[in-house]
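Some notes on the structure that comes next.
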Amino acid sequence: MPWPHFHGQLDWADYDDDDVSADVRKILDDLHALHCLHYLHMLRRHARRSAAAGDDDGSATAPRARPDRDDVKRRFDAIRPRQFKTMFRMDRDAFDDLCQTLAPQLPKRRKTALPVWLKVAVTLRYLAGGSHHDIGFGFSIVASTFYRVVDAVLDAIHATRRVDLDSLFIEHEDGTWEWDVDKLQALEHEFATKKGPWIRGIFGAIDGVAVKILCPPASQTDHVKEFYNRKGFYALVCQGVCDARRRFLFMDARMEGSCPDSLAFGASLLGVRMEMNPPPLPFMLVGDAAYEAQQWMLTPWPGVTLPTDKDAFNFFQSSARIEIECAFGLLCRRWGILWRPLPAERLARTTRIVTACAKLHNWCIDHNDVEGPDQFDGRMLEPQVDLEPQNECEDLERSRPHRRARVREVNMLRAELTRSIKERNGCRPNLTGNRKRRIGETAMCAQ
C-alpha cells in the first residue's frame, strides 16, 4: 500500500476497506492533523524571524541578522584604563593574561562562537555587579547565551590550575596527602615580616562571613529554615583562610546560614584534614573566639577586663587575625555581585560564584592590582550589602554550647605565647587621638 502524501485532504476512496482498517484510518488522520499544525507553527516562527531581521513582508527570504562583533570589539578597545578597571575590576594586563590562561578551557567549536575575550569580559562584568540585561545590551548577546557564557567561564576558572587557590598539601597519586612544609614556612615568614616577631608560627588567618542569598527552593534542600539566620536573611556560611598578603588560601561556602563558625569549619575539607593530621609544629592558624582553641588554632583570651599580659597577647593575636577581615572587605568591595543577595535556584552554582570571586581576587593581587580609593569611582564601589561576620549571624541555640566551651577551655599554646610576650615586655601600645602606629613601632613596656 503506498503511503499517502500529507498535503491536502486524504482520499480514502483509493483504498479498499481490506487495505485500511478503521483504526488505521483514525491514526493516520491524527498524524495528518499533527503534521498540519506543525507546518503552520513553523511558518509562523519563520515569519517572526524574518520580521525581526527586517523583512517587512514576512516572506522569510532575508537571512537572520547577527550582531556586529567587530563593532563590539572596537568599543571594548576604546574603553579608557580607569573606566576599564571600574567595569571589570582589573587592569588590561591582568585581563589579557587571564584570557590567555583560560583560553584552553574555552575552545571555539565553530566559526560563529564567541571569542574568549568576550566571554571573560561578560563574566567579569557580571561578577562586578552588572545586570544581565545591561550586559546583554552592551555586548549584543541574548539572555540564554549570557548564562551559558558565565557558566562556561566559571567552569574554566575552577578547572585551571594557575587560577586556583594555593594548595597547602602535597597530593599523591594513591590518594594520600601530606602538608607542604616549604609552603607553610614561606607563609609563616610573610606573617613574621609583616606583623613582627611577637607570635611566630602563624601561616594563615581564618574567619567566617555570611553571604546573603535569596530563599533557596525546596528542590535544592530539605532544610530551608536552616539557611535563615538570626539577622533576618538567608545566607551561606563562607569560611576563608588568607595569608599575610590577604590572598585566600582556602574558601568554603557550602554550609547553611545559621551554622556556627566552628561547625562550618569542622565540616570543610581543611577542617577535616587538620583534625585528621594537624600541621607540624609550630605552624598554626589564628582565629577569633568562635573557633575552638587547638595546638594549631590560636584564639584570643576570653573576657573584657584582662590582665596586662593577656591583653597584650590579644592585641598581637588580633593584629594578625585582622588580615582575613581585610581580605573579606577587599573581596566584597571588588566584586559587586556580593552587594546583593545571590540567586539560590542552584546552590552549587552560588557556591562556585563565591569561590570564583576569591580566586579572581588572588589573581588581581598577583598582578599587583590591589585596589585603592583613588583607583575607583567611590560612588560605584560603595557596597550595598556588607558581608556580615558569621559569629553575629549564627543560630544562638546551635552556638551556645560552643560559646560556653570557649570560656572554660584551657590551651597550653596560648599560655606559652602569653608568657613569652610578657618576658619580652610586649604590651598594647597607647594610642592617643587619631594617631596610628604600625605594628613594628609597638612600644616596649617599662620593666
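Remarks
- Residue in segment 211-228 that is part of a strand (DSSP E or B), out of contact with any helix residue (DSSP H, G or I) (no Cβ under 9 Å at 6 or more places or on another chain), modelled with pLDDT under 95 and more than 20 Å from residue 337 (Cβ to Cβ) present: yes
- Taken over segment 232-251, the residue count meeting the criterion of being over 14 Å from residue 323 (Cβ atoms) and either β-branched (Val, Ile, Thr) or out of contact with any strand residue (DSSP E or B) (no Cβ under 9 Å at 6 or more places or on another chain) (or both) is 2.
- Residue among 169, 233 that alone is touching a residue at least 12 places away in the same chain (Cβ under 8 Å) and outside the structural domain of residue 332 (by TED's automatic domain parsing): 169
- Selection over segment 229-245 of residues that are modelled with pLDDT of 90 or more and either in a strand (DSSP E or B) or crowded, with 21+ Cβ neighbours inside 10 Å (or both) gives a count of 10.
- Residue satisfying all of: in segment 137-154; crowded, with 18+ Cβ neighbours inside 10 Å and over 16 Å from the mean Cα position of the chain (by Cα); nearest to residue 99 (Cα to Cα) among these: 149
- Single residue of segment 155-173 satisfying the filter (of a type in the set (D, E, K, R) and not in a helix (DSSP H, G or I)) that is surrounded by the fewest Cβ atoms within 10 Å (Cβ to Cβ): 173
- Filter pass, residue 297 being in the same structural domain as residue 424 (by TED's automatic domain parsing), loosely packed, with under 15 Cβ neighbours inside 10 Å and not polar (S, T, N, Q): no
The values are calculated or read from the model by the stated rules, or taken from the named source; none is laboratory data. Predicted model, so just to flag it, every value in this text is computed and none were measured. Quick reminder, even Gly has a Cβ in these numbers, built from the backbone with ideal geometry, and neighbours come from all protein chains shown.
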